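I have placed the structure first, in the form of C-alpha coordinates, so that the comments after it can refer back to it.
The values are calculated or read from the model by the stated rules, or taken from the named source; none is laboratory data. It should be emphasised that the depicted structure is a prediction, and the values quoted were computed from it without experimental measurement. All Cβ positions, even for glycine, are placed from backbone atoms using ideal geometry, and neighbour counts span all protein chains on display. Keep in mind that these areas ignore ligands, DNA and RNA; they rest on the heavy atoms of the full protein, side chains included. Shrake-Rupley method; radii C 1.70, N 1.55, O 1.52, S 1.80 Å.
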Amino acid sequence: IYFRDIGKTMTELRQCRAKQEFNRLAEVAHSTKGSVGVFFASVAAESAAKVEKLARAGDQAVFGAPLTELLTNLDRLSKILRQSLWA
(Lines give C-alpha, C1' and ligand atoms only; values in the text may rest on other atoms or scores of the structure.)
Protein backbone atom coordinates (compact mmCIF):
# COMPACT_ATOMS: atom_id res chain seq x y z
CA ILE A 1 0.00 0.00 0.00
CA TYR A 2 1.36 3.33 -0.94
CA PHE A 3 -0.07 6.21 1.06
CA ARG A 4 -2.32 7.25 -1.81
CA ASP A 5 -3.65 3.68 -2.17
CA ILE A 6 -4.98 3.27 1.37
CA GLY A 7 -8.35 4.74 0.42
CA LYS A 8 -8.54 2.49 -2.63
CA THR A 9 -7.72 -0.55 -0.49
CA MET A 10 -10.38 0.39 2.04
CA THR A 11 -12.94 0.74 -0.77
CA GLU A 12 -12.01 -2.68 -2.11
CA LEU A 13 -12.33 -4.23 1.35
CA ARG A 14 -15.80 -2.73 1.69
CA GLN A 15 -16.77 -4.06 -1.74
CA CYS A 16 -15.64 -7.53 -0.70
CA ARG A 17 -17.89 -7.27 2.34
CA ALA A 18 -20.85 -6.11 0.26
CA LYS A 19 -20.37 -8.94 -2.25
CA GLN A 20 -19.37 -11.53 0.38
CA GLU A 21 -16.23 -12.36 -1.66
CA PHE A 22 -14.05 -14.54 0.54
CA ASN A 23 -11.30 -15.19 -2.03
CA ARG A 24 -10.79 -11.58 -3.05
CA LEU A 25 -10.98 -10.46 0.58
CA ALA A 26 -8.23 -12.93 1.48
CA GLU A 27 -6.08 -11.62 -1.38
CA VAL A 28 -6.54 -7.97 -0.43
CA ALA A 29 -5.94 -8.70 3.26
CA HIS A 30 -2.76 -10.61 2.41
CA SER A 31 -1.48 -7.76 0.29
CA THR A 32 -2.41 -5.24 2.97
CA LYS A 33 -0.64 -7.26 5.66
CA GLY A 34 2.65 -7.08 3.80
CA SER A 35 2.26 -3.49 2.74
CA VAL A 36 1.52 -1.99 6.14
CA GLY A 37 4.53 -3.79 7.55
CA VAL A 38 6.68 -1.29 5.66
CA PHE A 39 5.31 1.36 8.02
CA PHE A 40 5.86 -0.83 11.09
CA ALA A 41 2.09 -0.75 11.58
CA SER A 42 1.90 -3.99 13.53
CA VAL A 43 -1.68 -3.47 14.72
CA ALA A 44 -2.94 -3.04 11.15
CA ALA A 45 -0.82 -5.98 9.99
CA GLU A 46 -2.28 -8.20 12.72
CA SER A 47 -5.80 -7.13 11.76
CA ALA A 48 -5.07 -7.95 8.12
CA ALA A 49 -3.67 -11.36 9.07
CA LYS A 50 -6.81 -12.14 11.05
CA VAL A 51 -9.07 -11.11 8.15
CA GLU A 52 -6.98 -13.15 5.72
CA LYS A 53 -7.18 -16.26 7.91
CA LEU A 54 -10.93 -16.01 8.43
CA ALA A 55 -11.59 -15.26 4.75
CA ARG A 56 -9.50 -18.26 3.63
CA ALA A 57 -11.52 -20.43 6.02
CA GLY A 58 -14.78 -19.08 4.60
CA ASP A 59 -15.87 -17.86 8.02
CA GLN A 60 -18.78 -15.41 7.72
CA ALA A 61 -17.63 -13.73 10.93
CA VAL A 62 -14.88 -12.05 8.91
CA PHE A 63 -17.41 -9.61 7.45
CA GLY A 64 -18.25 -8.29 10.93
CA ALA A 65 -15.86 -7.11 13.63
CA PRO A 66 -12.57 -8.36 12.10
CA LEU A 67 -13.07 -6.47 8.84
CA THR A 68 -14.35 -3.40 10.68
CA GLU A 69 -11.24 -3.50 12.87
CA LEU A 70 -8.98 -3.68 9.82
CA LEU A 71 -10.75 -0.74 8.19
CA THR A 72 -10.45 1.27 11.40
CA ASN A 73 -6.74 0.50 11.68
CA LEU A 74 -6.14 1.47 8.06
CA ASP A 75 -7.99 4.73 8.63
CA ARG A 76 -5.79 5.44 11.66
CA LEU A 77 -2.66 4.65 9.66
CA SER A 78 -3.80 6.95 6.88
CA LYS A 79 -4.31 9.80 9.35
CA ILE A 80 -0.89 9.25 10.93
CA LEU A 81 0.80 9.23 7.54
CA ARG A 82 -1.06 12.35 6.46
CA GLN A 83 -0.03 14.16 9.64
CA SER A 84 3.60 13.15 9.16
CA LEU A 85 3.61 14.53 5.64
CA TRP A 86 2.37 17.94 6.75
CA ALA A 87 4.28 18.15 10.02
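One table, with the values for the structure above:
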{"quantity": "Whichever lysines have a C-alpha closer than 17 Å to that of K79, once near sequence neighbours (fewer than 8 apart) are set aside", "calculated": "K8"}
{"quantity": "Percent accessible area from carbon and sulfur atoms, the chain, protein chains only, probe 1.4 Å", "calculated": "55 percent"}
{"quantity": "Cα convex hull of region 6-57, projected area averaged across orientations, nm²", "calculated": "3.1 nm²"}
{"quantity": "Qualifying chymotrypsin sites (Phe, Trp or Tyr not before Pro) in region 26-87, DSSP loop, other Cβ atoms within 10 Å at most 11", "calculated": "F40, W86"}
{"quantity": "Å² per residue, accessible surface of the chain at 1.4 Å", "calculated": "60 Å²"}
{"quantity": "Sum of -39500 (n - 2.57) over DSSP H runs of 4+, divided by residues of the chain (222 nm, nearest 500)", "calculated": "-26000 deg cm²/dmol"}
{"quantity": "Relative contact order for the chain, counting Cα pairs under 8 Å that sit 6 or more residues apart, in percent", "calculated": "30 percent"}
{"quantity": "Volume of the Cα convex hull of the chain, divided per residue and given in Å³", "calculated": "71 Å³"}
{"quantity": "Dimensions in Å of region 45-87 - Rg and Dmax from alpha carbons", "calculated": "12.9, 42"}
{"quantity": "For the chain, size of Cβ-based charge dipole, Lys and Arg +1, Asp and Glu -1, in debye", "calculated": "160 debye"}
